[in-house]
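**Student:** Take this structure, written in structure tokens, and hold onto it; I'll ask about it next.
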Amino acid sequence: MTEVVYTRIDAEMPLPEMPGHLNGLSSEKLERYHSLHRQDDRKRMLAGDLVLRTTLAKKLRCDPSSVTFLSQRHGKPILAGIKGIHFNLSHSGNYAVAVISSSEAGIDIEEIRTLKEPGKIAEVFMSEKEFACYSNLPEELRQKWFYRIWTAKESYIKQTGNGIFEGLKSVTIDFSGPRILAYKNNKPLSALFFHEIDIDPGYCAFVCSEDQTCSDPAGFHLKNELHKEKGMNFFTTQVIGDVVRSSII
Ligand SMILES: CC(C)(COP(=O)(O)OP(=O)(O)OC[C@H]1O[C@@H](n2cnc3c(N)ncnc32)[C@H](O)[C@@H]1OP(=O)(O)O)[C@@H](O)C(=O)NCCC(=O)NCCS
């Protein structure tokens, strides 16, 4: 089973600078948090952490503050001491999204932006086949295709946990058939399934997992909860999982 949850981070949402939340972050993440200068980046990081913790805590029937993460070699977070529940996180623009799965999974979301020289960026991360397809597309279809390849590929390198060490150009994503296929050094990665996640037309998002099916994305109303819990240690509020999970945005 593979599930996707997301939250929208509104511009007016206050930065949840609550001691309880920050204490729940790993020391590595806390250090990264303090090194972020932009409030938007801090919000995204905290919102992603909150969505993920709350969802995992519900599944594990524990308090979100007791969910402990460890990092694998290239930084992929895993649950400390718990097998059989896999997850991954991504944030971009106004969204934080998480995937929870019974098998290894990766997720990526990107805000679709007009890039100055997309062709030059495409050449860096696309395989030869992908770049040839991209270059042959009519101009008006290129941007969407660029972001679909980007996010599908990122979901794959996050599924494996290798990140950029996977070798971006050695992977080819093929959208031409009814099932999205991926190849690593021209060998098919047949055990993997790619699920396109539809959250907002201004964004592209993909999940990569061994699961053939994936739930529709479910939204968290983070904003209301953050307002409501302002000034409190919201990880000790037992109901937060129930409340935030209850409505689809
Ligand atoms: C993790 C990585 C693969 C993706 O990062 P990103 O797109 O910048 O950021 P995302 O928001 O999608 O994901 C960040 C989350 O991924 C998770 N993560 C970190 N390292 C990871 C890894 N090796 N594998 C899987 N997940 C990882 C963390 O939960 C992290 O959340 P946090 O920053 O709040 O702790 C990054 O290492 C990277 O290298 N990105 C750039 C790769 C690139 O050039 N892609 C071009 C298009 S294919």
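**Student:** When you check Glu110 against the structure, is it acidic (Asp, Glu) and over 18 Å from Ala205 (Cβ atoms), yes or no?
**Tutor:** no
**Student:** Another question about this same structure. I want to confirm something. Restricting to segment 172-185 and keeping residues that are modelled with pLDDT of 95 or more and polar (S, T, N, Q), which single residue is farthest from the ligand (Cβ to nearest atom)?
**Tutor:** Residue satisfying both the conditions and the ranking: Asn185.
**Student:** Oh, and also: Kindly indicate whether any position in segment 160-171 is loosely packed, with under 15 Cβ neighbours inside 10 Å, farther than 21 Å from Thr2 by Cβ and away from the ligand (no atom under 12 Å from the Cβ).
**Tutor:** no
**Student:** Scan Ala218, Ala205, Ala152 and give me the residue that is modelled with pLDDT under 95, aliphatic (A, V, I, L, M) and closer than 22 Å to Gly106 by Cα.
**Tutor:** So the residue among Ala218, Ala205, Ala152 that is modelled with pLDDT under 95, aliphatic (A, V, I, L, M) and closer than 22 Å to Gly106 by Cα is Ala218.
Residue-by-condition table, conditions (1) within 11 Å of the ligand (Cβ to nearest atom); (2) closer than 24 Å to Thr151 by Cα; (3) not aromatic (Phe, Trp, Tyr):
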residue	(1), (2), (3)
Gln72	yes, yes, yes
Phe87	yes, yes, no
Ser92	yes, yes, yes
Val99	yes, yes, yes
Ser102	no, yes, yes
Ala105	yes, yes, yes
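**Student:** Kindly indicate whether Lys76 is within 11 Å of the ligand (Cβ to nearest atom), of a type in the set (Lys, Arg) and within 18 Å of Glu154 (Cα to Cα).
**Tutor:** So Lys76 passes the test.
**Student:** Looking at this structure, is Phe194 of a type outside the set (S, T, N, Q), within 15 Å of the ligand (Cβ to nearest atom), without any contact (Cβ under 8 Å) to a residue 60 or more places away in the chain and touching a helix residue (DSSP H, G or I) at 6+ places or on another chain (Cβ under 8 Å)?
**Tutor:** The answer is yes for Phe194.
Conditions tested, residue by residue: (1) surrounded by fewer than 18 Cβ atoms within 10 Å (Cβ to Cβ); (2) within 21 Å of Glu166 (Cα to Cα).
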| position | (1), (2) |
| --- | --- |
| Arg73 | yes, yes |
| Lys83 | yes, no |
| Ser102 | yes, no |
| Val124 | yes, yes |
| Tyr134 | no, no |
| Leu137 | yes, no |
| Glu140 | yes, no |
| Arg148 | no, yes |
| Ser155 | no, yes |
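**Student:** Looking at (1) small (Gly, Ala, Ser); (2) assigned to a helix (DSSP H, G or I); (3) touching a residue at least 60 places away in the same chain (Cβ under 8 Å), which is the one condition that is false for Gly48?
**Tutor:** Checking Gly48 against (1) small (Gly, Ala, Ser); (2) assigned to a helix (DSSP H, G or I); (3) touching a residue at least 60 places away in the same chain (Cβ under 8 Å), the one that fails is (3).
**Student:** Please indicate, with yes or no, whether at least one residue in segment 136-144 is under 30 Å from Lys43 (Cα atoms) and modelled with pLDDT of 95 or more.
**Tutor:** Among the residues of segment 136-144, at least one is under 30 Å from Lys43 (Cα atoms) and modelled with pLDDT of 95 or more, which makes the answer yes.
**Student:** Taking segment 107-152 only, how many residues are without any contact (Cβ under 8 Å) to a residue 40 or more places away in the chain and within 14 Å of the ligand (Cβ to nearest atom)?
**Tutor:** 12
The values are calculated or read from the model by the stated rules, or taken from the named source; none is laboratory data. Everything quoted here is computed from the prediction, not taken from an experiment. Positions of Cβ are backbone-derived with ideal geometry, glycine not excepted, and every protein chain shown enters the neighbour counts.
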